[in-house]
Amino acid sequence: MKALFYLGPERLELREIGKPKGDVVIKILGAGVCGTDLKTYLKGHPMFKPPTILGHECYGKIVELNVDMKSLEVGDTVAVAPYAECGKCDLCETGVPELCKSKTYLETGCFTQYIAVSREHASRALFKVTDDPAQILAEPLACVFNGFEKLRVKPRRLLVVGGGPMGVLFALLGVSEGCETFVIEKSAWRLEHIRSLGIEAADTPPEGLFDGIIFAVNIPELVGQYTRLANDGGSLLLFSGYPKDSLIEVDSYAVHYREVSVVGSFGFALKHFERAVETLSSQVELFRRLMTHRFDLENAPKAFEILSKGEAMKVFFGM
């Protein structure tokens, strides 16, 4: 089978390797390229040592079932959660399962034709879906649901700072939830695309205050700058990953006297993944609009090139 190997910054190689063996074997039908994949491709990443296979946003069809799984059958199309919390530890029981330290994981990335999944992971992390490329959005949408859940209240007015794929996914969710939604973005290409989706967007903030402000860019100084736009009792959500030693400044008056909260979110829990699958099932046309480019594994360098130029939203590989 074919598999796309990451060999180091800006180095990819399509290789022929043996088809994996395991409890559940899945033929990958689609795999999304996320911001972490792009960052790894451009600069490397401490968690992904080359040679390795990247990719964790995928769906596919079960082609082998070598264990007894009452809820699954050969031929089922499934969205694949890349990890699953244990459900038993203190973090899981206290309401932050996304931070569980005893998760099960996929054993390989999904930029390949087939993956094998253990029975333990499959029993919790495979969700039956229809065969639609938009199913690759289940994992990023699950992360967005986790972030949205961290806001103190459902925003009447929602501001998304950063109009990349995840920022626009937040905006699409805001639209689906009935929020008045606005996106801040500097890129001319992205601004045009966001507006084509019917979402208000500009390179400067609009008039008025917002109940929820989501930072989908990792520029720490923006947090302090945008605090003034938070409504009384509103929330600032730090969604994008920030460098470990970076600091933010927040107006203490706003936090104390106006009860503006600063919260963060990281990853997802299975409840968010399940909700994402259900939402894609009922609103697939809305969220499919995020997907702008499809490539074969053979053309992977072009996929990463167009993403690095900021001239794409969600890019995915169709197998």
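The values are calculated or read from the model by the stated rules, or taken from the named source; none is laboratory data. Being a predicted model, the structure only gives us computed values, none of them experimental. Cβ sites come from the backbone with ideal geometry, for glycine too, and all protein chains shown count toward neighbours.
Quick notes
- Boolean, Pro50 is in contact with a Gly (Cβ under 6 Å, 6 or more places away or on another chain), closer than 27 Å to Glu311 by Cβ and at pLDDT 95 or above: yes
- Scanning region 249-268 for residues that are at pLDDT below 95 and closer than 22 Å to Glu149 by Cα turns up just one, Val250.
- Index of the failed condition, Gly163 passing every other in (1) under 21 Å from His272 (Cα atoms); (2) in contact with a Lys or Arg (Cβ under 9 Å, 6 or more places away or on another chain): (1)
- Flag not set for Thr108, criterion: without any contact (Cβ under 8 Å) to a residue 40 or more places away in the chain and of a type in the set (Val, Ile, Thr).
- Taken residue by residue, region 112-119 has no member that is at pLDDT 95 or above, among the aromatic types (Phe, Trp, Tyr) and under 20 Å from the mean Cα position of the chain (by Cα).
- Test: residue in region 81-99 that is within 22 Å of Phe316 (Cα to Cα) and touching a strand residue (DSSP E or B) at 6+ places or on another chain (Cβ under 6 Å): yes
Residue-wise test of (1) outside any strand (DSSP E or B); (2) in the same structural domain as Glu259 (by TED's automatic domain parsing); (3) buried (at least 22 other Cβ atoms within 10 Å of the Cβ).
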{"residue": "Glu139", "(1), (2), (3)": "yes, no, yes"}
{"residue": "Glu149", "(1), (2), (3)": "yes, yes, no"}
{"residue": "Arg152", "(1), (2), (3)": "yes, yes, no"}
{"residue": "Val183", "(1), (2), (3)": "no, yes, yes"}
{"residue": "Pro205", "(1), (2), (3)": "yes, yes, no"}
{"residue": "Gly208", "(1), (2), (3)": "yes, yes, no"}
{"residue": "Gly234", "(1), (2), (3)": "no, yes, yes"}
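- Gly18 meets each of the listed conditions (1) at pLDDT below 95; (2) farther than 22 Å from Leu126 by Cα; (3) surrounded by fewer than 17 Cβ atoms within 10 Å (Cβ to Cβ) apart from (1).
- Single condition Leu42 does not satisfy, out of (1) among the hydrophobic types (A, V, I, L, M, F, W, C); (2) under 22 Å from the mean Cα position of the chain (by Cα); (3) closer than 20 Å to Pro82 by Cβ: (3)
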